[in-house]
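S.K.: Before I ask anything, here is the structure I am working with.
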Amino acid sequence: MNNLPKTSLRYVPKVTVVGAGNVGSSLAKRILDTHLADVVLLDVVEGRPQGIALDLTEASGLEMRPQHIVGTNDYSDTADSDVVVVTAGKPRQPGMSRDDLMQVNGRIVQATVQQAIAYSPEAKFIIVTNPLDVMTYLAWQTSGLPAEHVIGMAGILDSARFRTFIAMELNVPPEDVSALVLGGHGDLMVPLPDYAAVSGIPLTELLDPLTVDRLVTRTRNGGAEIVNLLKTGGAYYAPAASIYGMVEAILMNRHRILPAATYLTGQYGLRDLYIGVPCRIGQQGVESVVELSLSAEQQTALVTSAAAIKANIQKLTQLLEAPKPLAVGV
């Protein structure tokens, strides 16, 4: 990959994607297809990232892509990355408790961030591993980076699902719909119908309250709905597209206002946790948090979501106090 200084007009950004599963490989392809950056695809499974990278490289001549991709198991290949995306993690298996999942993925995220930050100390980190808000907090603590340089991807995906369900209900193009979801990435997320609109028309003027409530419930269960349909995995196209929006906002310094898990220091009455709120994202990561006027019910729901995240942060801290060797794939 190029060694030009980042101030050069010919500098090509470098994005590392840790985890060569469906989400990671879909993201890598999207970055290459849009000529956004060179990509390093890293995984602990030997051969997998190399095979995916070779396949995408063979397609590059047909698709006229000038950007490059490297598949690797070696973190040294990720050196000087502008953005590191962590999709690595273990899905919940039969017989595995949520505590087990949190501990396993906590160790994966710790190890990943420790190794990646050693080679790319100025990178911005985007965390995708579940439970997302807790893993983002752990990644921040592990990295030693400023909080604004570590961001969790969830709000964009949850908002995209809300937007899609509204469009399907009204039989309108999704691009005509705006929607917003706050809170943790889970059952306690907080969709905001008051901030949803279709071509500027408030959602509450287009749909009755019972229909809106049904769409809110479907949004909260959006990920599980896909898992139940696929039966052998979860969503990856929409998550990859959501991550791409954040990567593009950072590399192109777009100053976009996007819902994402960011560190709060008193905004919305919350502090010392990562949770999904609207924030402005640019080259420096999270530039600012946008505080919305919430109803009492919405504020209560957000506080409830935050309390669950804080409880899981405390639980994870206890789970990680006694390290033990793990042999897990990405």
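S.K.: Among the β-branched types (Val, Ile, Thr), crowded, with 24+ Cβ neighbours inside 10 Å and within 18 Å of Gly245 (Cβ to Cβ): does that describe Val181?
M.R.: Numbers: among the β-branched types (Val, Ile, Thr): yes; crowded, with 24+ Cβ neighbours inside 10 Å: yes; within 18 Å of Gly245 (Cβ to Cβ): yes.
Yes; evaluated as a whole, the condition is true for this residue.
S.K.: What is the one condition in (1) in the same structural domain as Ala307 (by TED's automatic domain parsing); (2) touching a Leu at 6+ places or on another chain (Cβ under 6 Å) that Ser199 does not satisfy?
M.R.: Single failed check for Ser199: (2).
S.K.: Here is a further query. What are the residues in the stretch 184-225 that are exposed (fewer than 14 other Cβ atoms within 10 Å of the Cβ), small (Gly, Ala, Ser) and in a helix (DSSP H, G or I), if any?
M.R.: Result: Ala224, single match.
S.K.: Okay, moving on. Evaluate the following for Leu180: is it more than 23 Å from Ala249 (Cα to Cα) and assigned by TED's automatic domain parsing to the domain that holds Ala224? Walk me through it before giving the result.
M.R.: Values: more than 23 Å from Ala249 (Cα to Cα): no; assigned by TED's automatic domain parsing to the domain that holds Ala224: yes.
So Leu180 does not fit the description; no.
S.K.: To continue, here is another question. Ile243 versus (1) in contact with an Asp or Glu (Cβ under 7 Å, 6 or more places away or on another chain); (2) closer than 19 Å to Ala160 by Cα; (3) not small (Gly, Ala, Ser): which is the lone unmet condition?
M.R.: For Ile243, the failing item is (1).
S.K.: Determine, yes or no, whether Ile281 is among the hydrophobic types (A, V, I, L, M, F, W, C) and more than 27 Å from Asp213 (Cα to Cα). Step through it out loud before you land on a result.
M.R.: Working: among the hydrophobic types (A, V, I, L, M, F, W, C): yes; more than 27 Å from Asp213 (Cα to Cα): yes.
Yes; evaluated as a whole, the condition is true for this residue.
Okay, residues lined up against (1) surrounded by 13 or more Cβ atoms within 10 Å (Cβ to Cβ); (2) out of contact with any Cys (no Cβ under 7 Å at 6 or more places or on another chain); (3) not hydrophobic (A, V, I, L, M, F, W, C):
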{"site": "Leu229", "(1), (2), (3)": "no, yes, no"}
{"site": "Gly233", "(1), (2), (3)": "no, yes, yes"}
{"site": "Ala249", "(1), (2), (3)": "yes, yes, no"}
{"site": "Met252", "(1), (2), (3)": "yes, yes, no"}
{"site": "Leu264", "(1), (2), (3)": "yes, yes, no"}
{"site": "Gly282", "(1), (2), (3)": "yes, yes, yes"}
{"site": "Glu287", "(1), (2), (3)": "yes, yes, yes"}
{"site": "Val303", "(1), (2), (3)": "yes, yes, no"}
{"site": "Ala307", "(1), (2), (3)": "yes, yes, no"}
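S.K.: Being part of a helix (DSSP H, G or I) and in contact (Cβ under 8 Å) with a residue 40 or more places away in the chain is the filter here; which residues of the stretch 150-166 pass it? I'd like the intermediate steps shown before the answer.
M.R.: At the first step, the residues of the stretch 150-166 found to be part of a helix (DSSP H, G or I) are 155-166.
Gly155, Ile156, Leu157, Asp158, Ser159, Ala160, Arg161, Phe162, Phe165, Ile166 - these are the residues of the stretch 150-166 that are part of a helix (DSSP H, G or I) and in contact (Cβ under 8 Å) with a residue 40 or more places away in the chain.
S.K.: Right, another one. Does Ser305 fit the bill of being under 16 Å from Ile151 (Cα atoms) and of a type outside the set (D, E, K, R)? Show your work before the answer.
M.R.: Values: under 16 Å from Ile151 (Cα atoms): no; of a type outside the set (D, E, K, R): yes.
Spelling it out, it is not the case that Ser305 is under 16 Å from Ile151 (Cα atoms) and of a type outside the set (D, E, K, R).
The values are calculated or read from the model by the stated rules, or taken from the named source; none is laboratory data. Values in this document were obtained by computation on a predicted structure and should not be read as measured data. Cβ coordinates were reconstructed from backbone atoms using ideal geometry, including for glycine residues, and neighbour counts include every protein chain displayed.
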